[in-house]
Each structure stands twice: as C-alpha cells, then as structure tokens.
Amino acid sequence: MVFVEWKDKYSLENEHIDKQHKFLIQMLNDLAEAGPGDKESAACTCLSRMEKYAQEHFQDEEKLMRDNGYLHLDEHIKEHEGFIQQLEDYKEAVFTKYVPFQDMLEYLNNWLVGHILESDRKYALYIRGD
Ligand SMILES: [Fe+2]
C-alpha cells in the first residue's frame, strides 16, 4: 500500500507543475518505503533527493509566479523556504534526535498536500484568470 496517492483534486491544470507535484508525492512514498535508518540510510538519501528536487520545483513555480506578476510571491517564497528548512532539519535531526519517523512522514505529507491545495491553487487560479 502506498503512503500517499495523487488525487485529481490536486491538479492545478498545469501539466509541468502537476508532473513535478506527482514526482514529489512519489518521493514521499519512496521515503515511507525506505523506513527509518541512520545517516547513511536509504531514508536519508530520499530526504536529500527530495530537498534537491523540491528546490528545482520551487524555482520553476517562483519563475511562473514572477513572470505572471503574482502579487503574493513573497509569502509564497517564504512557505517554500520553510519547507526546505524543515527538510534540512529532518536530514540533520531525524536519526539523531527523537523525531518519530511517522511524524516526519505526516508532516511532509500534510505540508505538501496543504500547500498544493491552498497556496499553489491560489497562484494557479490567478494565472488562469479565474
Ligand atoms: Fe508552491
């Protein structure tokens, strides 16, 4: 069973961004599959990959918003920065301090889905002129 599944309601009707969001969800499933471990573990590799990919994806989104004169770009960038920081913290702390693996998965899942459904939807609607 997969940890999180893509739902049609997550679609922003932007093929490129949807594809990236699907890949982030896939990466979260890979992390869930890897399970907890130490600094050299598969889970740690998954977190590093997710951070790198999220950075690339956020740059694409920020460019899209900037090119379209989106008014709430700055707050959106802050949300992205918060997520990257959280991934950094998890990478550093999850296997050395008491951070239950399941809590980390839940946090990442809630952030990702919540961000897509609220903040990303707002810019997508703005760009589409809805
Ligand atoms: Fe975003």
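The values are calculated or read from the model by the stated rules, or taken from the named source; none is laboratory data. Just so you know, these numbers come straight off a predicted model, no measurement behind them. Please note: Cβ atoms are built from the backbone with ideal geometry, for glycine as well, and neighbour counts cover all protein chains shown. Accessible surface areas use protein heavy atoms only, side chains included; no ligands, DNA or RNA. Shrake-Rupley method; radii C 1.70, N 1.55, O 1.52, S 1.80 Å.
Whats the longest run of the chain with zero GluC sites (Glu not before Pro) that are DSSP loop and have at most 16 other Cβ atoms within 10 Å? Intermediate values should be presented prior to the final figure.
Details: sites that count: E5, E13, E40.
Result, exposed sites excluded: 41-130.
Taking the full set of protein chains and a 1.4 angstrom probe, give the accessible area of V2 in square angstrom, rounded to the nearest 10. Roughly 80 Å² of V2 is accessible to a 1.4 Å probe.
Output the relative contact order of segment 1-115, whole-number percent, from Cα pairs under 8 angstrom with separation of 6+ residues. Relative contact order here is 26 percent. With all protein chains kept in place, the per residue accessible area of the chain amounts to 59 square angstrom at a probe of 1.4 angstrom.
What shape does segment 1-77 have by the C-alpha gyration tensor, where a ≥ b ≥ c are the square roots of the eigenvalues, rounded means a/c under 1.5, and otherwise prolate means a/b greater than b/c and oblate the rest? In terms of gyration-tensor shape, oblate.
Cross-link partners for K7 among the lysines, with Cα-Cα distance under 22 Å and sequence neighbours closer than 8 places in the same chain left out: K19, K22, K122.
Report, in deg cm²/dmol and to the nearest 500, the calculated mean residue ellipticity at 222 nm for the chain, where each DSSP H run with n ≥ 4 adds -39500 (n - 2.57) and the sum is divided by the residue count.
So the calculated ellipticity at 222 nm is -23500 deg cm²/dmol.
The lysines within cross-link reach of K91, meaning a Cα-to-Cα straight distance under 16 Å and a gap of 8 or more places when in the same chain, are K39, K52.
Would you tally the net charge around I25, using a Cβ to Cβ cut-off of less than 15 Å, leaving I25 out, and scoring K and R as +1, D and E as -1? So the surrounding residues net to -2.
Under the shape rule built on the C-alpha gyration tensor, where the axes satisfy a ≥ b ≥ c, the chain is prolate, since a/c reaches at least 1.5 and a/b is greater than b/c. Rg/Rh for segment 57-130: what does it come to with C-alpha atoms and Rh from Kirkwood? Rg/Rh for segment 57-130 comes to 1.08.
Counting only protein heavy atoms and a probe of 1.4 Å, the accessible surface of the chain is 49% carbon and sulfur.
For the Cα trace of segment 54-97, dividing Rg by the Kirkwood Rh returns an Rg/Rh value of 1.15. Look at the dipole of segment 1-115 built from charges on Cβ: of F3, G37, A54, the Cα furthest out on the positive end belongs to G37.
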